[in-house]
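K.L.:
Please find one structure pasted underneath; my questions will follow.
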Amino acid sequence: MIARHLVLFARAPQLGVGKRRLARDIGAVRALRFERLMLARLLRRLGHDRRWRLRLAVTPDRARHRKRLWPRGLPVLEQGGGHLGQRMRRALAACPPGPAVLIGTDIPALGPEHIVEAFRLLGKHDLVFGPAADGGFWLVGARRSPRLPRLFGRVRWSSRHALADALASLPRNLSVGFAAPLEDVDDGAAYRRLSPQRGF
């Protein structure tokens with residue numbers, strides 16, 4: 001049976017680095033606490049599920065060697081250089097043979113059922129995207145059969161156009177499926193809206 005691969009695309013939590021819009025709105029310490037909590041939750045929710053093999057793609061690259069940050073036994077890879085799309089494609093391409101799905105760490109509602117649905121869609125489509133409420137996407141996955149296609153040509157990252165741009169840059173012969181829309185936490189408004197429901 002061909003293995004399924006789940007990539008958790010993560011930034012090593014560090015005060016004053018990453019989640020800048022969120023930190024500006026709620027403060028750097030609370031933003032750091034949120035990052036740590038979400039990373040721990042997702043590793044707990046998704047890390048021991050035998051329906052896929054979890055691996056981490058981390059930035060900055062030197063954080064790969066900070067052993068105390070990451071669970072023992074999980075593959076930890078560097079994201080490497082380049083823009084966000086180049087780094088995500090590199091992380092998907094680095095997986096062993098089989099379908100691969102990549103997610104971020106800032107989606108409070110994300111659970112195993114969403115990953116199962118993404119892999120189910122890859123049984124029928126070349127690619128899968130999980131639309132985010134802000135116009136971006138919280139998940140991207142590829143069947144990778146026979147190979148990973150060209151991805152993320154000209155995308156206006158961190159904007160309401162990100163998903164539309166990503167779709168527009170795809171080769172025309174690809175079939176795309178869509179997972180359920182979820183909301184990520186990029187700013188204080190999303191944090192305040194979701195924190196009572198999700199307990200952070």
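K.L.:
Give the residues of the stretch 106-118 that are outside any loop (DSSP other than H, G, I, E, B) and open to solvent by less than 10 Å² (accessible area, probe 1.4 Å), sorted by residue number.
P.N.:
The answer is Ile115, Ala118.
K.L.:
Given the conditions (1) part of a helix (DSSP H, G or I); (2) open to solvent by less than 60 Å² (accessible area, probe 1.4 Å); (3) not polar (S, T, N, Q), report the number of the one that Pro149 does not fulfil.
P.N.:
(1)
K.L.:
Name the single residue, out of those in the stretch 152-164 being of a type in the set (D, E, K, R) and touching a residue at least 12 places away in the same chain (Cβ under 8 Å), that is least open to solvent (accessible area, probe 1.4 Å).
P.N.:
Once the filter is applied, the top-ranked residue is Arg160.
K.L.:
Then there's this: Using the structure shown, decide if Arg50 is under 17 Å from Val101 (Cα atoms) and open to solvent by 60 Å² or more (accessible area, probe 1.4 Å).
P.N.:
Yes; evaluated as a whole, the condition is true for this residue.
K.L.:
Among residues belonging to the stretch 161-184 that are under 21 Å from Thr105 (Cβ atoms) and assigned to a loop (DSSP other than H, G, I, E, B), point out the one that is nearest to the chain's Cα centre (by Cα).
P.N.:
Asp184
K.L.:
I'd like the residue in the stretch 62-90 that is touching a Phe, Trp or Tyr at 6+ places or on another chain (Cβ under 9 Å) and among the aliphatic types (A, V, I, L, M) and, out of all such residues, is most open to solvent (accessible area, probe 1.4 Å).
P.N.:
Leu84
K.L.:
Would you please list the contacts, defined by Cβ atoms under 8 Å and residues six or more apart or on different chains, that run from a residue in the stretch 82-95 that is in contact (Cβ under 8 Å) with a residue 24 or more places away in the chain to a residue that is crowded, with 19+ Cβ neighbours inside 10 Å and in a helix (DSSP H, G or I)?
P.N.:
Once the first residue is in contact (Cβ under 8 Å) with a residue 24 or more places away in the chain and sits in the stretch 82-95, its partners that are crowded, with 19+ Cβ neighbours inside 10 Å and in a helix (DSSP H, G or I) give Gly85/Ala166.
K.L.:
So, in the stretch 168-200, how many residues would count as being open to solvent by 40 Å² or more (accessible area, probe 1.4 Å), under 30 Å from Ala23 (Cβ atoms) and aliphatic (A, V, I, L, M)?
P.N.:
Number satisfying all stated conditions: 2.
K.L.:
Which number in (1) assigned to a helix (DSSP H, G or I); (2) open to solvent by less than 20 Å² (accessible area, probe 1.4 Å) marks the one condition that Val29 misses?
P.N.:
It fails just one condition, (2).
Quick grid of which residues meet (1) part of a helix (DSSP H, G or I); (2) in contact with a helix residue (DSSP H, G or I) (Cβ under 7 Å, 6 or more places away or on another chain); (3) farther than 16 Å from Arg87 by Cα; (4) not small (Gly, Ala, Ser):
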residue	(1), (2), (3), (4)
Ala3	no, no, yes, no
Ala23	yes, yes, yes, no
Arg41	yes, no, yes, yes
Arg45	yes, yes, yes, yes
Leu54	no, yes, yes, yes
Ala57	no, yes, no, no
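The values are calculated or read from the model by the stated rules, or taken from the named source; none is laboratory data. The structure displayed is predicted, hence computed values, not measured ones. Reconstructed Cβ throughout: ideal geometry from the backbone, glycine too, with neighbour counts over all protein chains shown. Note: areas computed on protein heavy atoms with side chains; ligands, DNA, RNA excluded. Shrake-Rupley method; radii C 1.70, N 1.55, O 1.52, S 1.80 Å.
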